[in-house]
1. For a quick check of your reading of the model, give me the residue pairs whose first member lies in the stretch 16-29 and is part of a helix (DSSP H, G or I), whose second is among the acidic types (D, E), with beta-carbon atoms closer than 7 Å and at least 6 apart or on different chains.
2. L40 is checked against (1) in contact (Cβ under 8 Å) with a residue 12 or more places away in the chain; (2) under 22 Å from L110 (Cβ atoms) and fails just one. What number does that condition carry?
3. Identify all residues within the stretch 97-129 that are over 21 Å from the mean Cα position of the chain (by Cα) and on the phi > 0 side of the Ramachandran plot; write none if there are none.
4. Just name the residue that is farthest from D68 (Cα to Cα) out of those in the stretch 25-42 that are within 15 Å of the chain's Cα centre (by Cα) and surrounded by 17 or more Cβ atoms within 10 Å (Cβ to Cβ).
5. Taking K82, is it closer than 14 Å to D106 by Cβ and either open to solvent by 20 Å² or more (accessible area, probe 1.4 Å) or of a type in the set (A, V, I, L, M) (or both)?
6. From the list V88, V67, V101, pick out the single residue that is in a strand (DSSP E or B) and open to solvent by less than 20 Å² (accessible area, probe 1.4 Å).
7. Residues to consider are P58, P83; find the one that is out of contact with any helix residue (DSSP H, G or I) (no Cβ under 9 Å at 6 or more places or on another chain) and either within 25 Å of L30 (Cβ to Cβ) or outside any loop (DSSP other than H, G, I, E, B) (or both).
Amino acid sequence: DLQTGIMNIRMVPIGSVFNRFTRLIRDLSLETGKQVNLVLRGESTELDKKVIDAIGEPLIHLIRNSVDHGIETPDERRSSGKPEEGTVELNAYQGGSNILVEIRDDGRGLNKAKILKKAIERNLVTEADAASLSE
């Protein structure tokens, strides 16, 4: 009972981390000239406080990548038939005994050829290995 009580005290809703990103998205929108909407889901999902503290910086990096490299400019989005405003979604939920945190955006997606070229340049994979990698 004591251990369970202590574990429950250490649990914190992930919304405490998620809510920090509203300002980040607004600042990135202004900085990049892109219109971005942040959608938060699963804010009441609870994680250990140490995990909450540890995932903040990596999530900032991933969100920044979504806005910088995923979401297109309003003109690009309009020309491809999308609404001018892009969406970045943060979602936390329980999957079995794990807590899953997803970041999604409705941007252009990943350019496999460009990623493989960089990986080869940085000697992360050989050209032969790159050719046999699955999607």
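1. The qualifying pairs are F18/E43.
2. (2)
3. N123
4. Residue satisfying both the conditions and the ranking: G42.
5. Against the criterion (closer than 14 Å to D106 by Cβ and either open to solvent by 20 Å² or more (accessible area, probe 1.4 Å) or of a type in the set (A, V, I, L, M) (or both)), K82 qualifies.
6. Answer to the selection: V88.
7. Only one candidate passes the filter, namely P58.
So that you can scan it fast, the table gives a plain yes or no per residue for (1) under 24 Å from S16 (Cα atoms); (2) of a type outside the set (A, V, I, L, M, F, W, C):
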position	(1), (2)
L28	yes, no
E31	no, yes
P74	no, yes
N91	yes, yes
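The values are calculated or read from the model by the stated rules, or taken from the named source; none is laboratory data. Remember, it's a predicted structure, so these values are computed and weren't measured experimentally. Every residue, glycine as well, gets a Cβ built from its backbone with ideal geometry; the counts of neighbours run over all protein chains shown. Accessible surface areas use protein heavy atoms only, side chains included; no ligands, DNA or RNA. Shrake-Rupley method; radii C 1.70, N 1.55, O 1.52, S 1.80 Å.
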